[in-house]
Amino acid sequence: MAAVLLGLTLGGCGIVMPLSSWMSGPSKEEPRESTDVTGSIGKAVEAVPADTDADAVRRALEVASARGVDAPVAWKNEATGNSGTVTASTAARAGNGAPCRDFETTLVSISGVDLHSGRICQGYTGAWEVLRFDRVGG
């Protein structure tokens with residue numbers, strides 16, 4: 001009877017584990033990225049780069065080009081607070097034959113009013129890209 005009581009008492013204290021898991025070493029499986037998202041912490045959002053004045057000028061030139069307007073077009077950069085009026089001047093071609101437009105724009109900022117010139121060219125996808133945006137003069 002004492003043997004049965006001793007067996008029942010010690011029987012609950014054992015750990016059942018196959019010996020192979022102790023002898024095989026660490027798992028070679030790559031760690032997985034957790035896809036769990038809690039209600040309080042969402043996935044990280046990449047910061048969107050702030051608009052540049054050249055981007056605002058490019059958009060104004062795209063609108064003017066789509067409308068077939070060569071008249072001055074006003075632009076404003078909400079990110080910087082700068083604004084101006086852009087005028088597309090001569091049509092040109094890039095070295096690869098892509099259509100380009102040279103332009104001049106005023107840039108009104110807290111520092112005052114400056115004159116800038118530049119070149120915008122159409123890429124293979126049809127999107128326009130500012131290749132040059134320089135301050136005229138000093």
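The values are calculated or read from the model by the stated rules, or taken from the named source; none is laboratory data. Note that the coordinates shown come from a computational prediction; the quantities given were computed from them, not determined experimentally. Cβ placement follows ideal geometry from the backbone for every residue including glycine, while neighbour counts extend to all protein chains displayed.
Condition check ((1) of a type outside the set (A, V, I, L, M, F, W, C); (2) over 17 Å from residue 51 (Cβ atoms)) across all residues:
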site: 71; (1), (2): no, yes
site: 81; (1), (2): yes, no
site: 91; (1), (2): no, yes
site: 102; (1), (2): yes, yes
site: 105; (1), (2): yes, no
site: 111; (1), (2): yes, yes
site: 118; (1), (2): yes, no
site: 121; (1), (2): no, yes
site: 137; (1), (2): yes, yes
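Would you please name the residue that is surrounded by the most Cβ atoms within 10 Å (Cβ to Cβ), looking only at residues in the range 116-138 that are part of a strand (DSSP E or B), out of contact with any helix residue (DSSP H, G or I) (no Cβ under 7 Å at 6 or more places or on another chain) and of a type in the set (A, V, I, L, M, F, W, C)? Among residues in the range 116-138 that are part of a strand (DSSP E or B), out of contact with any helix residue (DSSP H, G or I) (no Cβ under 7 Å at 6 or more places or on another chain) and of a type in the set (A, V, I, L, M, F, W, C), the one surrounded by the most Cβ atoms within 10 Å (Cβ to Cβ) is 121.
Identify the residue in the range 63-82 that is in contact with an Asp or Glu (Cβ under 9 Å, 6 or more places away or on another chain) and buried (at least 17 other Cβ atoms within 10 Å of the Cβ) and, among all such residues, is modelled with the lowest pLDDT.
From the range 63-82, those in contact with an Asp or Glu (Cβ under 9 Å, 6 or more places away or on another chain) are 64, 75, 77-80, 82; that's our starting set.
Pick out the ones that are also buried (at least 17 other Cβ atoms within 10 Å of the Cβ) and you get 64, 75, 77, 82.
Working: 64: 76, 75: 92, 77: 93, 82: 94.
Ranking the qualifying residues of the range 63-82, first place goes to 64.
Picking from residues in the range 83-115 that are touching a residue at least 40 places away in the same chain (Cβ under 8 Å) and under 14 Å from residue 61 (Cα atoms), the one that is surrounded by the fewest Cβ atoms within 10 Å (Cβ to Cβ) is 101.
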